[in-house]
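Quick notes on the structure that follows.
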Amino acid sequence: MAEHDLREKLLGIVEELIAKGPGYAQESVVLREAAERLQITGNLQREQALLTCWHNLFREGILSWGYDVDNPSAPFFHKSEKVEI
């Protein structure tokens with residue numbers, strides 16, 4: 001699977017799970033769900049490609065750690081948006 005396709009599928013899963021609430025906006029929940037849907041569980045090379053894509057979403061500023069003030073760090077996360085305070 002091309003990197004762009006993997007990224008788009010992962011972002012779709014992220015958005016779907018974020019909508020369900022903080023219990024679903026957790027790193028391991030998303031990664032397990034993505035691995036299952038992409039049918040890559042047990043394939044180390046593909047699992048590592050998924051991990052690289054996941055970490056790139058944070059590096060690029062698309063995702064940030066923490067869900068809210070009560071869950072401010074990993075494994076919780078949120079999708080970054082520009083918000084004026």
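Note on TRP65: accessible area is roughly 100 Å² with a 1.4 Å probe, heavy atoms of protein only.
Specify which residue in the list LEU57, ALA35, PHE77 is farthest towards the positive end of the charge dipole of the chain, using unit charges on the beta carbon of Lys, Arg (+1) and Asp, Glu (-1), about the Cα centre. Comparing the listed Cα positions along the dipole, ALA35 ranks first. Taking a straight Cα-Cα cut-off under 22 Å and skipping sequence neighbours fewer than 8 places away in the same chain, the lysines within cross-link reach of LYS9 are LYS20, LYS79.
From the gyration tensor of the Cα coordinates in region 4-85, what semi-axes in whole Å does the equivalent ellipsoid have, largest first, with each one equal to sqrt(5λ)?
Values for region 4-85, descending: 22, 13, 11 Å.
Helix 3-18 axis versus longest C-alpha principal axis of the chain: approximately 50°, rounded to the nearest ten.
Rounded, prolate or oblate, given the Cα gyration tensor of region 10-54, with a/c below 1.5 counting as rounded? Because a/c hits 1.5 or more and a/b exceeds b/c, region 10-54 counts as prolate.
In the chain, the longest principal axis of the Cα atoms and the axis of helix 44-59 are about 20 degrees apart.
The values are calculated or read from the model by the stated rules, or taken from the named source; none is laboratory data. Just so you know, these numbers come straight off a predicted model, no measurement behind them. Note that each Cβ is placed from the backbone with ideal geometry, even for glycine, and that neighbours are counted across all protein chains shown. For accessibility, only protein heavy atoms count, side chains too; no ligands or nucleic acids. Shrake-Rupley method; radii C 1.70, N 1.55, O 1.52, S 1.80 Å.
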